[in-house]
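What follows is a single structure, written as structure tokens, with notes after it.
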Amino acid sequence: GGSELIMIEEKLKLDGGASSYDVGRDVIRTLPGSGNDALKSLQSLPGAARVPFGLGGLVLRGSAPRDTNVFLDGIEVPILYHFGGLASFFPSTMIESMAMVSSAYGSRYGRGQGGLVDIRSRPGRTDRWAVGSEVSLLDASVRAEGPARGGNVSLGIRRSLVDAVLAAVPTDDLTLAPRYLDAQLRWQSRSGKLTALLFGADDGINLGTSSNTLDARQSFVRAGLRYAERRGDLELSVVPWLGFDRSAIIANENEVIRSNVTAATRATVQRDVHHGFIAAGLD
């Protein structure tokens with residue numbers, strides 16, 4: 001019926017009054033138009049636009065992609081999509097929920113003007129191990145999840161096949177070979193209070209002729225630990241994380257390489273009160 005076609009609920013958030021779009025696990029599994037990649041569906045929501053030439057960002061309310069913040073379990077993510085916009089950095093099978101605020105989000109998150117994408121990862125299975133794989137013309141992936149010592153584990157890896165497919169097509173001179181790789185590892189304690197997360201992505205594109213070559217590459221790695229606990233009306237969350245970013249452009253014998261290490265901590269304490277809540281935190 002018509003109610004089944006309403007896949008995304010729009011509501012007003014208390015902390016900022018901005019329109020938000022929340023997508024849960026059940027919706028992610030059957031989300032149309034996403035190409036089996038739930039995060040790509042964000043590009044079709046109101047107020048969102050794609051970055052030209054598939055450079056990997058998300059434009060919200062006309063702001064630059066650098067003004068849109070993306071968080072995975074409280075860990076800031078520098079790149080939402082791989083080169084070409086063919087896939088996102090995180091597989092849909094490991095997503096519990098995601099929310100997008102296209103403008104004017106509350107003070108809980110800062111250093112951005114365009115909007116916010118908040119992704120929550122899904123716990124692994126606790127009853128038995130499950131393994132799955134997928135192969136297409138775009139990429140190949142393997143994932144596994146199951147019980148582990150003191151909790152559960154989820155892991156996955158995906159590698160693009162676009163460069164291999166294009167290499168099989170004969171060309172006279174010009175060659176174009178994009179490629180991407182991402183990997184994820186998640187552990188959660190049996191109580192659900194402690195979560196460790198390690199993930200990263202590597203993208204590259206090679207443009208060359210018989211006499212000149214241009215190779216561009218960007219990669220990042222994030223490692224974080226989240227502690228979350230609720231005691232009655234009081235809720236506490238602490239997320240310290242460490243990251244490494246690298247970008248490189250190599251043209252013939254010339255190269256420009258930039259690397260940096262990032263460390264951050266997010267902490268929030270919230271208490272429910274009559275008609276609402278009181279929250280405080282630091283970032």
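The values are calculated or read from the model by the stated rules, or taken from the named source; none is laboratory data. In this text the structure is predicted, and so the values were computed from the model without any measurement. As a convention, Cβ positions derive from the backbone with ideal geometry for all residues, glycine included, and neighbour counts pool all protein chains shown. Areas reflect the complete protein model, heavy atoms only, side chains present, ligands, DNA and RNA absent. Shrake-Rupley method; radii C 1.70, N 1.55, O 1.52, S 1.80 Å.
If we sort 127-133, 151-157 on the protection proxy, mean other Cβ atoms within 10 Å, highest first, what's the order?
On the way: 127-133: 10.1, 151-157: 19.4.
Put in order of decreasing packing, that is 151-157, 127-133.
In this rough spin-label picture, where each label sits 7 Å from Cα along the Cβ direction, the Asn252-Ala64 distance is 3.0 nm. Over region 217-283, accessible surface divided per residue gives 68 Å², non-protein components excluded, 1.4 Å probe.
Using a 1.4 angstrom probe on heavy atoms only, work out the carbon and sulfur share of the accessible area of region 173-213 in %.
On the way: 1290 of 1980 Å².
After summing per-atom areas, the C and S share lands at 65 percent.
In terms of accessible area, using a 1.4 Å probe and ignoring ligands and nucleic acids, Ser44, Ser247 rank largest first as Ser44, Ser247. Averaging the inverse of every distinct alpha carbon separation and then flipping it gives the Kirkwood radius. What is it for region 135-219, in angstrom units? Taking every pair of different Cα atoms in region 135-219, averaging 1/r and inverting gives 15.3 Å. In region 156-276, a dipole from Cβ-located charges (positive for Lys and Arg, negative for Asp and Glu) runs towards its positive end, and of Phe199, Ile250, Val239 it is Val239 whose Cα lies farthest in that direction.
Using only alpha-carbon positions in region 88-199, the gyration tensor eigenvalues give semi-axes of 32, 24, 10 Å once each is multiplied by 5 and square-rooted (largest first).
Semi-axes, largest first, in whole Å: what does sqrt of 5 times each Cα gyration tensor eigenvalue give for region 178-276? Working shown, then result.
Values: eigenvalues 366, 37, 24 Å².
Rounded to whole Å, the semi-axes are 43, 14, 11.
Its alpha carbons considered, region 81-146 gives a radius of gyration followed by a Dmax of 15.9, 44 Å.
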